[in-house]
Amino acid sequence: MGLSGFFEILGLLVTLIIILGIIIIIISVILGYFLVKKNKLLFPEVFLYIMDNFHPILLKLCLMIGTEDTFYRIGIDFYNRYYYHSFKGAERKVLILPHCLRDVRCPAKLGINGVECVFCKRCPLGDIIKVAKENNYEVYIIPGSTFIKRILKEKKPTGVFGVSCYRDLFYGMNYLSRKGIPVQGQPLLKDGCIRTSVDVEELIMRIKDNR
């Protein structure tokens, strides 16, 4: 095969990739529209495959017509809806809480399983943990993503509920989804890595609902 033949094949491949990308974008826009505007999940398996594997393309599209947070909100909402029933039926659930919800005067120490809450009532974590344990969750307050990977490896949960900022929550849910682990997530009301906040009442309600 000559050089001209090579470039012809290369051009064909590039064209096919572009066409595939356009098809993915069109399908995603349609499915995303029904999710956001009509509150319906259409072809959830198709949307799951696209969201799991082509989220960088979807993010770039969203940046053209909206914001980064808009994309993360749609992704989180989709994963919550898609995995709701399978998460509810999971036998070994874990709740992952971010250490940034702690009060700046928090006396708790970092241990092998994350921050060990001492229930000092200076932040809402103690109340959240109590409710979660009453509903058969294992709870971890973590300072970073490496803890999550170790928890997955050692504890082998069949369902994970995460609380985090929009960006980290989406990528965490995406990571778990690609591993086939049912997931639920709740974004922080205020992020910034210190003195963050979450809707405690809503979180507790969802923890009880998903027991």
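The values are calculated or read from the model by the stated rules, or taken from the named source; none is laboratory data. All figures in this text were calculated on a predicted structure; none of them were measured in a lab. Cβ atoms come from the backbone with ideal geometry, glycine included; neighbour counts cover every protein chain shown.
Among the residues of segment 76-87, is there at least one that is over 21 Å from Asp52 (Cα atoms) and surrounded by fewer than 14 Cβ atoms within 10 Å (Cβ to Cβ)?
Going residue by residue through segment 76-87, those that are over 21 Å from Asp52 (Cα atoms) are none.
So far as segment 76-87 goes, no, none of its residues is over 21 Å from Asp52 (Cα atoms) and surrounded by fewer than 14 Cβ atoms within 10 Å (Cβ to Cβ).
A quick yes/no check of all residues on (1) assigned by TED's automatic domain parsing to the domain that holds Lys109; (2) buried (at least 18 other Cβ atoms within 10 Å of the Cβ); (3) among the aliphatic types (A, V, I, L, M):
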| residue | (1), (2), (3) |
| --- | --- |
| Pro143 | yes, no, no |
| Ile148 | yes, yes, yes |
| Ile151 | yes, yes, yes |
| Glu154 | yes, no, no |
| Gly159 | yes, yes, no |
| Gly162 | yes, yes, no |
| Tyr171 | yes, no, no |
| Ser177 | yes, yes, no |
| Gln184 | yes, yes, no |
Q.
Restricting to segment 40-80, count the residues that are under 13 Å from Arg167 (Cβ atoms), small (Gly, Ala, Ser) and over 11 Å from the mean Cα position of the chain (by Cα).
A. 0
Q. When you go through (1) crowded, with 20+ Cβ neighbours inside 10 Å; (2) assigned by TED's automatic domain parsing to the domain that holds Gly192; (3) touching a residue at least 60 places away in the same chain (Cβ under 8 Å); (4) not small (Gly, Ala, Ser) one by one for Arg92, which number turns out not to apply?
A. (1)
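Among the residues of segment 161-200, write down those that are among the hydrophobic types (A, V, I, L, M, F, W, C), outside any helix (DSSP H, G or I) and either more than 20 Å from Asn53 (Cβ to Cβ) or out of contact with any strand residue (DSSP E or B) (no Cβ under 7 Å at 6 or more places or on another chain) (or both). Steps first, answer last, please.
Start the filter on segment 161-200 by keeping residues that are among the hydrophobic types (A, V, I, L, M, F, W, C), which leaves 161, 163, 165, 169-170, 173, 176, 181, 183, 188-189, 193-194, 198, 200.
Okay, now just the ones that are also outside any helix (DSSP H, G or I), so 161, 163, 165, 181, 183, 188-189, 193-194, 198.
Matches in segment 161-200: Phe161, Val163, Cys165, Leu188, Leu189, Cys193, Ile194, Val198.
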Q. Is there any pair with a first residue in segment 108-135 that is surrounded by 13 or more Cβ atoms within 10 Å (Cβ to Cβ) and a second that is at pLDDT below 90 and of a type in the set (Phe, Trp, Tyr) whose Cβ atoms are under 6 Å apart and which are 6 or more apart or on different chains, and what are they?
A. Gly114/Phe147
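Mind counting the residues in segment 108-133 that are in a loop (DSSP other than H, G, I, E, B) and on the phi < 0 side of the Ramachandran plot? Spell out how you get there, then give the answer.
Within segment 108-133, the subset in a loop (DSSP other than H, G, I, E, B) is 108, 112-113, 117-124.
Within this subset, residues satisfying the condition of being on the phi < 0 side of the Ramachandran plot are 108, 112-113, 117-118, 120, 122-124.
Number satisfying all stated conditions: 9.
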**Q.** Complete set of residues in segment 192-202 that are touching a residue at least 24 places away in the same chain (Cβ under 8 Å) and either surrounded by fewer than 19 Cβ atoms within 10 Å (Cβ to Cβ) or basic (Lys, Arg) (or both)
**A.** Gly192, Cys193, Ile194, Arg195, Ser197, Val200
**Q.** Residue in segment 186-206 that is modelled with the lowest pLDDT, counting only those that are closer than 13 Å to Leu97 by Cβ and touching a Cys at 6+ places or on another chain (Cβ under 6 Å)
**A.** Thr196
Q | Number of the exception - Val183 against (1) over 25 Å from Pro56 (Cα atoms); (2) of a type in the set (A, V, I, L, M, F, W, C); (3) modelled with pLDDT of 95 or more | A | (1)
